[in-house]
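Written below as structure tokens is the structure these notes are about.
Rule-based calculations on the coordinates, nothing more; no lab input. Just so it is clear, the model here is predicted, and its values are computed rather than measured. For neighbour counting, all protein chains shown are included, and Cβ atoms are generated from backbone atoms with ideal geometry for every residue, glycine included.
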């Protein structure tokens, strides 16, 4: 179930799987990234900003979009030029301990993102069907199977599905904007930068965190590697150019969706005096009476579900990339998906259980602030990597782009730290205990220290010649053959028409003097209860049949003996193999999958992991 990765590629199962014979074949990765820019977390921050401050914070959305365009372009450049995703590049540069911390922080960011998507989908289902939020959160586990189905169909099918969801979201809000008919002059005034108060700053940071997500930088640098293109100078230039177009179109569409949500909230709520509408459910309930149209809330709920579903798929891909890149560890997609979803569902269920539905939207906004706090740990290394002429060659970003990128990073860090210090100051003024004060101060110091280290280390190493990263260890210069001789070969028999095929393959591994130990496990009801003390008809028949096989091999001149095991198939095979000191085990496989594995049980993997000797599996 869990395997160490042996190939150096992002998303190995779809790496270079899309041939780019046509220009449009480049288009797709940015659309998967863009759904993270219009997920339910954006809805919560956009609704809060629009209802409380009208059109005032539209400029924050525009700024976030410009920042996103720059950072996603840098992320795609890293993947196209170096063939590395951001997690892999970090693993090659930073020490193991720092990498592990960065991995944990990346997983926290993905869990925070998925938390918003879980709650958003649960709210959407609740609005359409009336299902309680607790039930809706539990129901979101089922989308694991949808993700697995889409992943089996291939990258282009997955991209087409996401694009269809984006189209539904965009069409829904286009219709709603036509319904509310905002005054364009007032909307344009929102592009003038200003922050009325500290609450506006908190929501602005949440908008930036909801828009510029750290896991999207990991995701984009890996997704661009699903395209197969010539790795010469011209091919890389073409790939970069069309990936930039892909990002520009996809992210500007996401900006229009976010702007539509904020404008909808400003026009329908702020201008009618409802400045308290910071919750998705409240917005849904008020759309019908304020607009006098039942279609508006219906479109709102449908778009919300599509938003959550599309975002959760890309969040899972990001989690897979982060785990494989930092830990070089690959797990089954369904397990990765389930792990990601549980990390989001557990805190959601706890909050819903303790506080009820009242704190849901605050939890969504908080998740976006957490995302914003993680940005520095993704942005700082990314800028270093794409600025490095040693690894990027002629494709390293120019000096003016570096200045702009570092200015963006500085703005993000300043906003984050200013918000954190403001929240901590308010908390301390409320009379926090000395223990909590000490823990908070230590946490802030660690946060700033890690940011400083991620910035400093690449500068220190830039002028040092680094050894190339080793993927498979040292290459052996002297190769020698050491053909094993198996003294004892165990053969697991099932007493079916396949037995002779299994025995023949075992004989092919033998040499002079090899002894064969024939094993069969009795699994009758009586054997499960009484073990070796059973004497039912099945155990007697199994003993007779085993004796026939042993006699047959001995007549052919082979050393052989037969042993029966009882009760548990896997445990007994392991016991008999170990007690007889077998050098190899030969067993058959029926190639069951899915439900058949569940019905018949999975023996081979469990046995293989329980032994340190070679296991020869014969397909029967």
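Summary table
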| quantity | calculated |
| --- | --- |
| Cβ crowding within 10 Å averaged over residues, with 564-577, 389-402, 113-126 ranked highest first | 113-126, 564-577, 389-402 |
| Cα shape, the range 35-144, gyration tensor, a/c 1.5 rule | oblate |
| Cα-based convex hull volume of the range 488-619 per residue, rounded to whole Å³ | 107 Å³ |
| Packing-based order for 497-504, 241-248, 259-266, using average beta carbon neighbours within 10 Å, highest first | 259-266, 241-248, 497-504 |
